[in-house]
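Structure, as structure tokens:
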Amino acid sequence: MALLEVNEIHTYYGNIHALKGVSFEVDTGEIIALIGSNGAGKTTTLRTVSGLMAPREGSVSFDGEEISRTRADLLVSKGISMVPEGRGVFAKLTVEENLDMGAYVRRDGDVKEDLKSAYSLFPRLEERKKQFAGTLSGGEQQMLAIARALMSKPRLLLLDEPSMGLAPVLVDGVFDTVQRIASEGVTILLVEQNAHMALQIADRGYVLQSGEVAISDTAANLQQNETVQKTYLGID
Amino acid sequence: MDTLRSQTSRTVLALGLLSGAFILFTGAVGMIAAFHEREVVDRFISLGQLLLLIAPFVTGYFVASRLHEYGEAPAQILVAGLAAGMLTALPSVVLLLFNSDEFRFLLFLVLRLAPFVAASAIAWGRHQAGADTQTVIGIWLLIAVLVGIVTFSFALIFEIKGDLRSVLVNIDRDWVEVITFDNRKDLPVGIATFGLVSIAAGFAGCMLHLMPNVPRRALIYGLGITALVGAFGETARLILQENVDRDTLREIFRRDTLRQHAALALFVISTAAGFFWAMYGSQVRQSFDNIDTSNRRRLNMIGLVIFVAFMLLLPWLIGRTLSDVAVTIGIFVLMGLGLNIAIGLAGLLDLGYLTNYAVGAYILAVLTSIGPLGLFKGTFTFWMVIPLALLAAMFAGFIFAVPVLRMRGDYLAIATLGFGEIIGKLAISDWLKPLIGGAQGVQAIPKPIFFGAELKNPEQLYYIVLVASLVCLFVSIRLNNSRTGRQWMAIREDEDVATAMGIDTARAKLLAFTLSAATGGVAGAIFAAKVGTVFPNSFTVFVSINVLSLIIVGGIASNPGIVVGAIVLIGMPELLREFAEFRFLLYGALLILMMIKRPQGLIPSKIVTHEHQSGVKAKLAAAE
């Protein structure tokens with residue numbers, strides 16, 4: 001059974017029908033990429049999975065449990081953690097306070113250990129732990145957002161456009177990190193406009209088009225797919 | 001060199017005319033004449049005259065500091081100071097001339113000539129720019145007619161009504177008297193005096209800026225303290241009267257006014273003190289910084305003990321009238337600390353805070369009153385009702401929070417504003433009249449009784465407010481550093497992300513509103529006990545706005561800031577009561593000035609300081 005199963009979800013913004021029956025699944029240990037152009041419904045899908053929005057129809061199940069009506073804050077303790085679009089670090093808290101906030105739902109005592117492992121994953125953050133998060137560079141903020149999401153010890157990590165607004169050099173670094181996190185056993189669902197990068201690290205991918213899944217295949221096949229190449233990879 | 005010249009003259013012109021407009025405006029609204037009633041130094045200078053002096057003086061100082069930045073020579077700067085002083089006087093002198101019988105014809109002359117002059121000037125400009133004759137004539141006619149309509153109608157009004165007073169009611173005999181330095185009968189002498197005083201003050205302001213650092217700071221302390229004590233003479237006397245004997249007091253004050261020799265002594269002493277502080281202040285501060293941790297802790301303890309002792313002794317130091325003011329300040333400190341939980345910590349802009357204040361006050365009134373509306377006629381005492389008022393306010397806060405939980409930012413502010421209005425209207429309504437007395441309110445609320453002693457004086461009520469504020473301050477500090485506080489801060493920063501961290505935002509916001517309401521209820525109850533009656537017109541939107549303003553002026557999310565904010569915004573107007581009509585003008589001016597010059601508040605919290613500094617840094621970076 002898949003870790004996350006999304007089945008025919010329909011999500012609306014008021015009267016706007018944003019998702020028209022999106023289905024996909026994510027197996028434990030996989031990196032799954034949702035790609036598509038602006039307005040295709042990628043972020044809406046992620047917000048629906050993370051509980052920030054509720055689907056009008058369809059179901060989302062996590063580890064066999066139906067979660068489409070569960071509040072977002074409760075999903076965090078169930079093991080779903082999200083890195084929001086545009087990073088969303090708490091600018092007026094320090095780096096370390098941000099990481100502490102990430103461990104908000106944790107009641108066990110290992111937070112110190114996790115802080116250490118976060119710092120070993122991102123040594124830059126340790127150098128800046130007393131700084132306000134708002135003073136970090138864009139790349140550092142992205143690292144902080146990812147590190148913070150990991151502090152809740154998620155089984156499923158949702159990443160919304162991690163490459164957005166970053167310099168190309170930094171984008172490589174971010175995707176390397178994502179791969180490293182996956183190799184430690186965290187399942188990853190990645191939403192990305194930068195299809196090229198996303199498909200390079202993903203196992204499988206889904207192409208969203210106006211609120212529907214247009215194509216689904218392994219990442220390698222998608223990279224070869226003619227439509228995908230033309231529309232999303234810019235290859236003629 | 002040319003650009004420097006034009007920059008210099010533009011600065012002098014702009015600042016000079018700005019302060020001229022200030023003098024003209026304060027005169028036109030009657031402030032100068034009203035302030036003249038209050039003497040700062042006995043038979044020497046009044047507050048109105050001080051205002052006339054301060055404007056050119058401060059302008060001179062700023063002109064000097066600007067020109068210094070431009071790299072002007074001292075001689076040039078001094079000339080500019082003279083000019084700034086003159087420009088300060090100019091608008092008022094023009095008005096003075098128009099208003100006088102001898103020179104009224106000037107006004108008519110100007111009004112009659114204005115259309116032609118304006119039209120000719122603009123047409124000439126067009127001509128120079130190369131417009132053809134037809135266009136120039138067309139423009140001339142157009143401007144002349146447009147300006148003519150305005151000025152001729154003005155002239156007509158003045159001719160029919162006879163003088164300016166029909167339009168500017170405060171430009172009267174008193175104003176002329178002050179502005180001419182008591183030479184109303186001899187206008188040329190009066191204008192000359194006013195002009196010369198203004199010029200001299202501008203020059204003095206320049207001189208002050210050109211002085212070396214140490215004497216300059218010493219003089220600023222000296223002048224500032226003397227002027228402040230003089231202006232708040234009544235307050236100063238009230239404080240002194242508690243601590244010195246009658247003869248000494250009479251030696252220093254004539255009624256509420258500083259005597260000349262006392263003012264001089266005060267000036268000398270404060271200048272000397274300022275001199276020593278300017279000389280050795282940094283050394284003292286440095287040696288404080290060098291104290292090691294264990295000694296520092298001891299020092300902090302001593303400081304705390306002195307502070308607590310001071311707070312305990314305060315009512316006996318300042319006397320009854322000022323204790324009353326202190327109680328009012330304390331009530332607002334309580335509310336400020338409460339509202340700060342919602343606004344400062346959780347970022348919820350609540351404009352309906354008066355709800356909690358009203359609930360607390362009415363609960364106490366109805367439960368303890370021995371009048372016709374009292375439900376229990378003395379069965380309940382103040383002390384029993386305080387926890388009830390607190391709980392009732394919390395309940396009200398909770399109830400009002402439920403419907404607005406999903407709202408954010410501006411929408412939340414408007415919704416809470418609406419709730420506040422509803423409460424105000426309910427209090428005065430006929431519907432609740434049988435219970436809370438409608439417009440008549442609830443009367444005969446007994447004073448608190450403490451071990452058999454009735455706490456009826458402000459000096460005694462002060463301690464209730466003090467204890468309540470300290471408790472509230474303690475809770476507030478603890479909350480700030482707690483998991484709950486952290487969760488509010490996360491919501492303030494970004495509600496969606498806070499949810500993504502696993503925070504139940506609805507619960508956290510409810511908690512913020514509820515806890516925030518608690519102190520409002522206590523403040524309201526204390527207020528009701530202090531006044532002894534509760535009227536609906538005590539509960540207007542101004543309460544909410546006052547509390548919000550004192551938080552912002554003091555420094556948002558800063559506990560010491562709230563205390564200072566309450567002293568400035570609640571205490572100052574109380575002390576300025578005799579200038580009743582101008583209190584809100586000054587209050588508004590102060591708010592605007594604060595928001596421009598010190599948007600982070602008087603005592604900003606660490607986070608806000610950082611935010612403003614990084615804003616400035618970003619601007620600097622962008623400029624480079």
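Bear in mind that the values in this text are calculations on the coordinates, not laboratory data. Quick caveat: nothing in here was measured; it's all calculated off a predicted structure. Here the Cβ is made from the backbone with ideal geometry for all residues, glycine too, and neighbour counts use every protein chain on show.
Against chain B, whose longest principal axis is taken from its Cα atoms, helix B:2-28 shows a tilt of about 60°. Ordering B:SER482, B:TYR463, B:VAL497 by the projection of their Cα atoms onto the charge dipole of the range B:454-497, which places +1 on the Cβ of Lys and Arg and -1 on the Cβ of Asp and Glu, puts B:TYR463 at the extreme positive end. Restricting attention to the range A:84-153, the count of lysine pairs at 8 or more positions apart or across chains with alpha carbons under 14 Å apart stands at 6. Taking the centroid of alpha carbons for each part, the range B:437-488 and the range A:174-203 are 57 Å apart. Note on chain B: Lys pairs 8 or more places apart or on different chains, Cα atoms under 19 Å apart, count 12. Shape descriptor for chain B: Rg over Rh equals 1.03 (Cα atoms; Rh from the Kirkwood inverse mean 1/r). A straight line joining the Cα centroids of the range B:313-363 and the range A:34-76 runs 45 Å.
Hey, got the dipole for the protein assembly as shown? About the Cα centre, +1 on K and R Cβ, -1 on D and E Cβ, debye to the nearest 20? Could the numbers behind the result be given before it?
Numbers: 70 positive and 73 negative charges, 475 e Å.
My answer is approximately 2280 debye.
With the Cα gyration tensor of the range A:59-149 in hand, give its eigenvalues times 5 under a square root as the equivalent ellipsoid semi-axes, listed largest first in whole angstrom. Kindly include the intermediate steps, with their values, before the conclusion.
On the way: eigenvalues 135, 45, 23 Å².
Values for the range A:59-149, descending: 26, 15, 11 Å.
Could you compute the FRET efficiency for B:SER282 and B:LEU18, with r as their C-beta to C-beta distance and R0 at 51 Å, rounded to 0.05? It would help to have the intermediate numbers written out before the result.
Values: r = 34 Å, r/R0 = 0.67.
For B:SER282 and B:LEU18, the calculated efficiency is 0.90.
Taking the square roots of 5 times each eigenvalue of the Cα gyration tensor of the range B:1-56, largest first, gives ellipsoid semi-axes of 32, 13, 4 Å.
Once every DSSP H run of n ≥ 4 in chain B is given -39500 (n - 2.57) and the sum is divided by its residues, what mean residue ellipticity at 222 nm do you get, rounded to the nearest 500 deg cm²/dmol? One gets -26000 deg cm²/dmol as the mean residue ellipticity at 222 nm.
Quick one: grab the alpha carbon gyration tensor of the range B:304-540, order the square roots of its eigenvalues as a ≥ b ≥ c, and give me rounded if a/c is under 1.5, else prolate or oblate depending on whether a/b is larger than b/c. Since a/c reaches 1.5 but b/c is at least a/b, the shape of the range B:304-540 is classed as oblate.
For B:ALA272 and B:LEU299, what does the FRET efficiency come to when R0 = 35 Å and r is the distance between their Cβ atoms, rounded to the nearest 0.05?
Details: r = 26 Å, r/R0 = 0.76.
With a Förster radius of 35 Å, E is 0.85.
Dipole magnitude for the range B:464-541: about 320 debye, using +1 per Lys or Arg Cβ and -1 per Asp or Glu Cβ, origin at the Cα centre. Between the helical axis of A:111-121 and the longest alpha-carbon principal axis of chain A there is an angle of about 70 degrees.
Which residue, chosen from A:THR44, B:LEU417, B:LEU18, occupies the Cα position most advanced towards the positive end of the dipole of the protein assembly as shown, where the dipole is computed from +1 (Lys, Arg) and -1 (Asp, Glu) charges on Cβ about the Cα centre? Positive-end residue among those listed: B:LEU18.
Could you give the dipole magnitude of chain B about its Cα centre, charging the beta-carbon of Lys and Arg +1 and that of Asp and Glu -1, in debye to the nearest 20?
Values: 47 positive and 41 negative charges, 210 e Å.
Value, rounded to 20: 1000 debye.
For the range B:162-230, trypsin sites (Lys or Arg not before Pro) meeting the loop criterion (DSSP other than H, G, I, E, B) and having at most 12 other Cβ atoms within 10 Å: B:LYS185. Among B:LEU156, A:LEU233, sorting on how many other beta-carbon atoms sit within 10 Å of each Cβ, with the fewest leading, yields B:LEU156, A:LEU233. Counting neighbouring beta carbons within 10 Å and listing from fewest to most, the residues B:TYR463, B:TYR221, B:TYR353 come out as B:TYR463, B:TYR221, B:TYR353.
What is the projected area of the convex hull of the Cα atoms of the protein assembly as shown, averaged over all directions, in nm²? Kindly include the intermediate steps, with their values, before the conclusion.
On the way: hull surface 204.8 nm².
So the mean shadow area of the Cα hull is 51.2 nm².
Arranged from fewest to most other beta-carbon atoms within 10 Å of their beta carbon, A:LEU34, A:LEU46, B:LEU299, B:LEU548 become B:LEU299, B:LEU548, A:LEU46, A:LEU34. Computed extension gain for B:ARG112 through B:MET384, at 0.36 nm per residue and net of the alpha carbon distance, reaches 90.4 nm.
Counting other Cβ atoms within 10 Å, keep those with at most 14, restrict to DSSP loop, and tell me which chymotrypsin sites (Phe, Trp or Tyr not before Pro) in the range B:362-396 are left. Can you show the working numbers first?
On the way: sites: B:TYR362, B:PHE376, B:PHE380, B:PHE382, B:TRP383, B:PHE395; in loops: B:PHE376, B:PHE380.
Passing both the DSSP loop test and the Cβ count: B:PHE376.
Label zone of B:VAL541 (point 7 Å out along Cα→Cβ, amide N under 15 Å): in the range B:409-434 this covers B:411-426.
Inter-chain neighbour count for B:500-512: the average number of beta-carbon atoms from partner chains within 10 Å of each residue's beta-carbon is 6. Note down the nm distance, to one decimal, between modelled labels 7 Å out along Cα→Cβ at B:ARG507 and at B:ILE157. According to this spin-label approximation, the distance is 6.5 nm. The distance from the alpha carbon centre of the range B:530-569 to that of the range B:104-151 is 53 Å, rounded to a whole number. For the range B:1-79, the list of GluC sites (Glu not before Pro) that fall in a loop by DSSP and count at most 15 other C-beta atoms within 10 angstrom reads B:GLU37.
Would you mind classifying the range B:7-210 by shape? Square roots of the alpha carbon gyration tensor eigenvalues, ordered a ≥ b ≥ c; an a/c under 1.5 is rounded, otherwise it is prolate if a/b is larger than b/c and oblate if not. Kindly include the intermediate steps, with their values, before the conclusion.
Working: a/c = 2.94, a/b = 1.27, b/c = 2.32.
Oblate, because a/c is 1.5 or more while a/b does not exceed b/c.
Seen against the Cα atoms of chain B and their longest principal axis, helix B:133-161 is set at about 60 degrees.
Report the calculated FRET efficiency for B:GLU251 and B:LEU585 (r = Cβ-Cβ distance, R0 = 45 Å), to the nearest 0.05. Computed FRET efficiency for B:GLU251 and B:LEU585 comes out at 0.80.
What's the extension gain from B:MET211 to B:LEU196 if we count 0.36 nm per residue and subtract their Cα-Cα distance?
Working: separation 15, 0.36 × 15 = 5.40 nm, distance 2.22 nm.
Taking B:MET211 through B:LEU196 to full extension adds about 3.2 nm, to one decimal.
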